[in-house]
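So the structure is just underneath, and the comments pick up after that.
Every number in this text was worked out from the coordinates using simple rules, so none of it is lab data. Owing to the predicted nature of the structure, the values given are computational and were not obtained by experimental measurement. Note that each Cβ is placed from the backbone with ideal geometry, even for glycine, and that neighbours are counted across all protein chains shown.
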Amino acid sequence: MTIEPFLYSSRAVNVRFGRGRAAENVREVVETHDARRVLILVTRSQVATADRLTADLGDRVVARFADVREHVPAETAEAARRTAAKVQADLVLSIGGGSTTGTAKAIAMTAHIPIIAVPTTLAGSEMTDTWGITTDGRKRTGKDLHVLPKAVVYDPSLLDGLPERLKVTSSFNAMAHCVEAFWGPRANPLTSVVAAEGVRRLADGLRAHGRGDARSVDELQYGSFLAGLVFADAGSGLHHKICHALGGAFNLPHAGTHTVILPRVLRFNAPAVPETAAALATALRTEDAATGLEELITHTGAPRTLREVGIREDELPVAVDVVADKLPIDNPREVTRDALQQLLGAAYDGKDLQ
Ligand code: NAD
C-alpha cells in the first residue's frame with residue numbers, strides 16, 4: 001500500500017489521567033513547576049471543586065478569578081489578564097470546561113505564563129494551542145504555542161456534576177474533533193489511527209452512558225483526550241468553521257451546536273472521502289457513518305436541529321452570511337454558497353434526518 005507524504009510533529013504536554021487523583025496530580029504538577037503565585041481560573045459553578053482540589057497548595061495560591069464567560073468575551077479576557085498582572089501570577093491553574101481553559105489561554109497569550117488545565121467537560125481545549133476570543137459577536141481564533149497547557153490533569157470524577165445534556169453534547173463536540181482530524185490540514189496516518197480510536201471510545205462510552213453505566217464517563221473522557229490531541233495535530237475544517245461562526249454570531253451553546261452540525265458536514269463530505277467514511281462507520285459500529293452518527297445523537301436525546309439550540313428561522317439568512325464570510329474553506333468537497341445554504345437549512349429543521 002502507498003503511504004502518501006506527510007509531516008508529523010509532536011508538542012510537549014504532560015498528561016496525567018486518573019479517577020479520583022486530581023488533587024494529588026495538581027499538587028505534583030504545581031510543585032514540579034515550582035510555582036509560588038498560582039492564579040486559579042474557574043466558573044462559579046466549579047468553585048467548590050476548585051477549593052477541594054487546591055486545598056493542599058496553601059499559600060502558593062494568590063488569587064481566584066471566577067468571572068469566566070462562555071466563548072471568552074474580550075472584556076473577560078482583559079479582566080483576567082489584569083488580575084494575573086496585579087497578583088504577579090507565575091502559573092494559571094484552569095479548573096473547568098473550554099471557556100475556562102480559553103480564558104487561561106487569553107492570559108498566557110500575552111503574559112506567557114504556563115497553564116495547568118484540569119478539564120471538567122469533554123471539550124478538549126486543554127490539549128490544543130488554539131485560542132479564541134469573541135469581540136462584538138465575532139470569534140477570532142489563532143494558534144500560539146504559549147497557550148498550550150504545560151500539563152493536563154484528567155479525572156473523570158470531576159464530571160459527575162456536569163448536567164446530563166452537556167455531558168452528551170460535549171461528547172459530540174469531542175467526536176467532531178476526531179471526525180475533522182481525518183481531513184484536517186495536517187492530517188497524517190497517525191492522527192487517523194488516533195481519531196478512529198477516539199470515535200470508537202466516545203461512541204461506546206455514550207452507549208454505556210445510556211445504559212446507566214457509572215464508569216462510562218471514564219471512557220468518554222479518555223475519548224475526549226484523544227480527540228483534543230488529534231484536533232491539535234491535524235487541525236480543523238468546515239465543521240469547526242461553521243460552529244465557530246454561528247456560536248460567536250448568535251451566542252449559541254458551543255457543544256450543542258457541534259452536535260447538530262456534525263452529521264450534516266459528515267453527510268456532505270462522505271462521498272468525497274469514502275475511505276474515511278468507511279473508517280468512521282467501523283469506529284461507530286454501523287453501516288453508514290452519517291446515519292450511525294444521527295442514530296447515536298437521537299438515542300442520547302441530544303439536540304438535532306439549530307432551532308433547538310437557539311437559532312430562529314428569520315436568522316437563517318444571516319447565519320448563511322456569517323459562515324459564507326469564511327469561504328472558500330479548505331475541504332475535501334468544494335463548499336459553494338448554495339451548498340452552505342442547503343446544509344444550514346437542513347440543520348435548522350432536521351427535515352433530512354434519518
Ligand atoms: P463551558 O466551559 O462553556 O461550560 C459550560 C457550562 O458548564 C458552564 O456554565 C460551566 O460552569 C459548566 N460546567 C463546566 N464543567 C462542569 C461540571 N463538571 N459540572 C457542572 N457544571 C460544569 O463549555 P465547554 O463546552 O467545555 O467549552 C466551550 C468553549 O470552549 C467554547 O468557547 C469553545 O469555542 C471552546 N473550545 C475551544 C477549543 C480549543 O481548542 N481552543 C476546543 C474546544 C472548545
Extended-chain gain in nm, criterion 0.36 nm per residue less alpha-carbon gap, Leu190 and Gln341: 51.0 nm
Restricting to Cα pairs under 8 Å and 6 or more apart, the percent relative contact order of the chain works out to 14
What dipole magnitude, in Debye to the nearest 20, does the chain give about its Cα centre under +1 on Lys/Arg Cβ and -1 on Asp/Glu Cβ? 640
Here region 102-109 yields Karplus 3J(HN,Hα) values (6.51, -1.76, 1.60; θ = phi - 60°; whole Hz; Gly and Pro given as x) of x, 6, 4, 5, 4, 5, 4, 4
Nothing charged except the Cβ atoms of Lys and Arg (+1) and of Asp and Glu (-1): what's the magnitude of the dipole of region 1-77 about its Cα centre? Round to the nearest 20 debye. 160
What nm value, rounded to one decimal, do you get for the distance between Asn14 and Glu308 when each label is placed 7 Å out toward the C-beta? 4.2
Within a Gaussian network of the chain (alpha carbon springs, distance under 10 Å), most fluctuating of Ser224, Ser99, Ser45: Ser45
As a test of the formula, what do you get for the chain when each DSSP H run with n ≥ 4 contributes -39,500 (n - 2.57) and the sum is divided by the residue count, at 222 nm and rounded to the nearest 500 deg cm²/dmol? -16500 deg cm²/dmol
Between Thr135 and Glu287, what is the label-to-label distance in nm when each label sits 7 Å out along the Cα-to-Cβ direction? 5.2
Between beta-carbons, use under 10 Å as the cut-off and find the net charge around Asp129, counting Lys and Arg +1, Asp and Glu -1. +2
Taking K and R as +1 and D and E as -1, what net charge do the other residues with C-beta under 9 Å from the C-beta of Ser9 add up to? +1
Using alpha carbons only, what's the Rg to Rh ratio of the chain with Rh from Kirkwood? 0.96
Mind putting a number on the dipole of region 171-213 about its Cα centre? Charges go on the C-beta only, +1 for Lys and Arg and -1 for Asp and Glu, and I need it in Debye to the nearest 20. 40
Mean Cβ neighbour count within 10 Å, used as a protection proxy, ranking 338-344, 192-198, 286-292 highest first: 192-198, 286-292, 338-344
